[in-house]
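To keep things clear, I will list the structure first and then write my remarks on it.
What follows is calculated from the coordinates using simple rules that are stated; it is not laboratory data. Nothing here was measured: the structure is a model prediction, and the numbers come from that model. Please note: Cβ atoms are built from the backbone with ideal geometry, for glycine as well, and neighbour counts cover all protein chains shown.
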Amino acid sequence: MIDLRSMRLGPGDVRHERPRVAVAPLTIAGQEYTVTPAELEPRLDLQAASGGLYLKLAFSAHVEGPCFRCLEPAGIDLDVRSSEYHSTDPNESDPELRCDYIEGDQLDVERWVRDALVFALPDKILDRPDCPGLCPRCGVRLGLDVAHDCGEPELDTRWAKLGDLL
């Protein structure tokens with residue numbers, strides 16, 4: 001947590017901070033993904049304006065865990081950039097002009113870092129871009145280097161009536 005009141009930022013003032021933030025492993029689809037380094041030092045820029053506060057967050061991290069398709073070890077390097085605006089006008093009722101990470105005069109950097117990291121992740125973390133995954137019938141890891149023949153694919157009986165139309 002960063003106490004924004006203690007910074008005493010006036011309109012036009014800019015403050016650069018490097019807080020230390022511990023990042024716990026992420027659990028995605030029941031699988032655990034570790035973040036390295038486990039303690040990040042994001043670059044945090046705070047700029048005061050006449051009616052609010054601009055916040056920018058930047059850091060790099062490496063995320064490792066099982067491939068979404070074949071469960072082999074996979075990793076991805078991320079450069080995360082995030083920005084927020086927080087209106088300091090007490091009469092402002094638009095929630096879009098309020099930063100979710102500011103409560104009173106406290107900025108929850110840890111929660112912001114975690115959310116920004118999760119939003120920066122791709123849809124699927126793969127061990128390689130062309131990963132074919134596992135055989136849906138026998139569970140063998142498919143690939144160019146693996147000879148695989150577990151028989152003819154079984155037809156799904158739910159589609160049998162469509163076969164009559166052909």
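Under 5 Å between amide hydrogens, built in the peptide plane, is the criterion, and for residue 52 it picks out 88 among residues at least 5 positions away or on other chains. What the phi angles of the range 111-117 give under the Karplus curve with 6.51, -1.76 and 1.60, with θ = phi - 60°, is a coupling list of 5, 5, 4, 4, 5, 4, 5 Hz, glycine and proline written as x. The slack in the chain from residue 127 to residue 150, taken as 0.36 nm per residue of separation less the alpha-carbon distance, amounts to 5.9 nm. Candidate values [x] 16.4; [y] 17.9; [z] 19.6 were compared with Kirkwood radius over Cα pairs in Å computed on the shown model; the agreeing label is [z]. Among 56, 124, 161, the order by Cβ neighbours within 10 angstrom, fewest to most, reads 161, 124, 56. Using the Karplus relation 6.51 cos²θ - 1.76 cosθ + 1.60 with θ = phi - 60°, the per-residue 3J(HN,Hα) values for the range 22-33 come to 7, 10, 6, x, 8, 10, 10, 6, x, 10, 9, 10 Hz, with x marking Gly and Pro.
Treating only the Cβ of Lys, Arg, Asp and Glu as charged (+1, +1, -1, -1), what charge dipole size does the range 1-59 show about its Cα centre? Round to the nearest 20 debye.
Working: 7 positive and 7 negative charges, 44 e Å.
I would put it at about 220 debye.
Each Cα pair under 8 Å and six or more residues apart adds its sequence gap; the mean of these over the residue count of the range 2-132 is a relative contact order of 24 percent.
Place a +1 charge on the Cβ of each Lys and Arg in the chain and a -1 charge on the Cβ of each Asp and Glu, then give the dipole magnitude about the Cα centre in debye, rounded to the nearest 20.
Numbers: 18 positive and 31 negative charges, 31 e Å.
For this selection, approximately 140 debye.
What does the helix-only formula give at 222 nm for the chain: each DSSP H stretch with n ≥ 4 adding -39500 (n - 2.57), the total divided by the residues, and the result rounded to the nearest 500 deg cm²/dmol?
Values: 2 runs with 17 residues, N = 166.
Here the helix-only value at 222 nm equals -3000 deg cm²/dmol.
When the chain is described by a simple charge dipole with +1 on each Lys and Arg Cβ and -1 on each Asp and Glu Cβ, the residue from 23, 166, 85 located farthest towards its positive end is 23.
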